[in-house]
Amino acid sequence: MDNLLIQVTGRKRVVLYSPKDATKLYLNGDKSEVLDIDRPDLTKYPKFAEATPFECFLEPGDVLFIPAMWFHNVISLQFGVAVNVFWRHLDMGFYDGKDTYGNKDLVHAARAMQIMDRAIKALEELPEEYKDFYARRVVCKIKDRCFSREDRNSSSGVNGDSTEDE
């Protein structure tokens, strides 16, 4: 959900990452596996170095708008009090009714991820060269149906790799 982070007392450092950097953040559910964004293990998480951080510092009285799907890392620099205000801007049918803070994927996206997990499992049963061929076809189909023309034509593919051989 969209979120207003209101700093009442104390100070915070906030680092935001665009949803377009999702392929570089090593996501596991709604969290990134990269825990230390200032000293990431680039051997384990090499694409993280390509993600673009947007950093700010919140002082008492500051309000930061955090759009839905923007990943954020918040570090308290001193003891403080902050208030979050979340709101839904899509039809209620898109949200999990038990997700108070908007951390879960939208219902339709969660269903798509489950279907994708089953598709990956099915592809893994194929011999290597067939798996590679059909996986590329699936990626192309997703790109053609789900990404804007600009994203499909950019030099960066769905997984952040060059699209020359896709």
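Before moving on, here are some points about what is shown:
- Flag if ASP132 is open to solvent by 60 Å² or more (accessible area, probe 1.4 Å), free of Cβ contacts under 8 Å to residues at least 24 places away in the same chain and out of contact with any strand residue (DSSP E or B) (no Cβ under 9 Å at 6 or more places or on another chain): yes
- Residues in region 36-64 that are surrounded by 11 or more Cβ atoms within 10 Å (Cβ to Cβ), of a type outside the set (D, E, K, R) and over 14 Å from the mean Cα position of the chain (by Cα): 12 in all.
- Only residues that are farther than 25 Å from LYS24 by Cα and assigned to a loop (DSSP other than H, G, I, E, B) were counted across region 55-94, and they come to 12.
- Cβ-Cβ under 9 Å pairs, at least 6 apart or on other chains, region 96-122 side in contact (Cβ under 8 Å) with a residue 40 or more places away in the chain, far side open to solvent by less than 60 Å² (accessible area, probe 1.4 Å) and outside any loop (DSSP other than H, G, I, E, B): TYR101/ASN3; GLY102/ASP2; GLY102/ASN3; LYS104/ALA110; ASP105/ALA112
- Annotation: of all residues in region 9-28 being open to solvent by 60 Å² or more (accessible area, probe 1.4 Å) and out of contact with any Gly (no Cβ under 7 Å at 6 or more places or on another chain), the one that is modelled with the lowest pLDDT is ASN28.
The values are calculated or read from the model by the stated rules, or taken from the named source; none is laboratory data. Here the structure is a predicted model, which means the values were calculated and not measured. Glycine also receives a Cβ, built like all others from the backbone with ideal geometry; neighbour counts cover every protein chain displayed. What goes into the accessible areas is simple: the full protein's heavy atoms, side chains included, and nothing from ligands, DNA or RNA. Shrake-Rupley method; radii C 1.70, N 1.55, O 1.52, S 1.80 Å.
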